[in-house]
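Chemist: Okay, here's the structure, questions in a sec.
Every read-out reported here was derived from the displayed coordinates using simple, explicitly stated rules and does not represent laboratory data. On a predicted model such as this, the values are computed, not experimentally measured, just so you know. No Cβ is skipped: glycine too gets one built from the backbone with ideal geometry, and neighbour counts run over all protein chains shown.
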Amino acid sequence: MSLVLDGKLLSKEIEANLLNRVAALKEKTGRTPILATILVGDDGASATYVRMKGNACRRVGMDSLKIELPQHTTTEQLLAEIEKLNQNPDVHGILLQHPVPAQIDERACFDAIALNKDVDGVTCLGFGRMAMGESAYGSATPAGIMSILKAYNIEIAGKHAVVVGRSAILGKPMAMMLLQANATVTICHSKTQQLSEFVQQADIIVGAVGQAELIQKDWIKPGAVVVDAGFHPREQGGVGDIQLEGIEDIASAYTPVPGGVGPMTITTLIRQTVEAAEQSLA
Ligand code: NAP
């Protein structure tokens, strides 16, 4: 039987610790950490994610400042909002919910976020610093995955990690974080030929493709550590990017879907906001 990497349980433990840290910060400084969330347009899923992030702030005693902008917002208007938040000393972290409407230059807007408030780890500068081993907040989903691997004492150094997916918020930073942790890393993407052959070599496999159960159970090497970042709703619960049914007979450890990677993404965002507030108010 394999070890279940329980992100839900871990995120509860981390939140309990954050509640104490926020209380201590309030006591010492009289100030409450604030995460500013920016939601542009009327995408239902994005609105739900922003609401979940606001709820998580409340659970640890933090405040959130909600900025909601209309669907027709321009890049210039969004940049102006971000600049106001950069300059606002009461705001410790900024989250721009991805994706923004197509007319907006999302990369320019992410990169406008001040490095010390980039608690979701979306700026090129933050990514570059992280990749070079310098201090920066990590992209929330891969940083959450690294926290899970650490909490469960999963050995990374010297292992072959195969990351399937190379997005800016997930696959690329995931690969760099695993490299920083001394894994030998292979990155696969939509142009990779014979994906199964790469997956078969993985000691650690990370599914970050956005397609339901694309990575098949039969491809996975016995004893591998399986990390599934995907979530695709189904009538009963949901499935990930990896075929997980029966995986406990193959993998040495795996993240369940749901209850694995998902809860840790929000908790990581909140943890990095508390760290930013502690830095700013020290
Ligand atoms: P994305 O931006 O759509 O990127 C998907 C990546 O998968 C791309 O790099 C793409 O390659 C690659 N890909 C697509 N089809 C492929 C195939 N047939 N073979 C190999 N690679 C393929 O998605 P994302 O934002 O990174 O998200 C990936 C998954 O993680 C999704 O399931 C998403 O729901 C989940 N996610 C979860 C959280 C969380 O909080 N738990 C957060 C973010 C994302 P190309 O670059 O060549 O197009």
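Chemist: Suppose we filter segment 64-78 for residues that are surrounded by fewer than 16 Cβ atoms within 10 Å (Cβ to Cβ) and within 21 Å of the chain's Cα centre (by Cα); how many remain?
Modeler: 1
Chemist: Starting from segment 205-216, take each residue that is farther than 20 Å from residue 5 by Cβ and list its partners that are among the polar types (S, T, N, Q) and near the ligand (Cβ under 9 Å from one of its atoms), counting only C-beta distances under 9 angstrom and pairs at least six apart or across chains.
Modeler: 210/167
Chemist: Just name the residue that is farthest from residue 164 (Cα to Cα) out of those in segment 228-262 that are within 14 Å of the ligand (Cβ to nearest atom) and out of contact with any Asp or Glu (no Cβ under 9 Å at 6 or more places or on another chain).
Modeler: 234
Chemist: Right, something else. Say we look at segment 157-185 and pick out the residues that are more than 12 Å from the ligand (Cβ to nearest atom) and β-branched (Val, Ile, Thr); which of these is farthest from the chain's Cα centre (by Cα)?
Modeler: Within segment 157-185, the subset more than 12 Å from the ligand (Cβ to nearest atom) is 157-161, 176-185.
Right, trim to β-branched (Val, Ile, Thr) and you get 184-185.
Numbers: 184: 21, 185: 19 Å.
Only one residue fits best here, namely 184.
Chemist: Could you say which residue among 90, 120 is of a type in the set (D, E, K, R) and buried (at least 16 other Cβ atoms within 10 Å of the Cβ)? Don't jump to the end; show me each part of the working.
Modeler: Working: 90 fails: buried (at least 16 other Cβ atoms within 10 Å of the Cβ).
Answer to the selection: 120.
Chemist: If you go through segment 137-168 one residue at a time, how many are touching a residue at least 12 places away in the same chain (Cβ under 8 Å) and under 25 Å from residue 197 (Cα atoms)? Steps first, answer last, please.
Modeler: Filtering segment 137-168 for residues touching a residue at least 12 places away in the same chain (Cβ under 8 Å) gives 137-149, 151-152, 154, 156-168.
In the following step, the residues that additionally are under 25 Å from residue 197 (Cα atoms) were identified as 142, 145-146, 149, 154, 156-168.
The total comes to 18.
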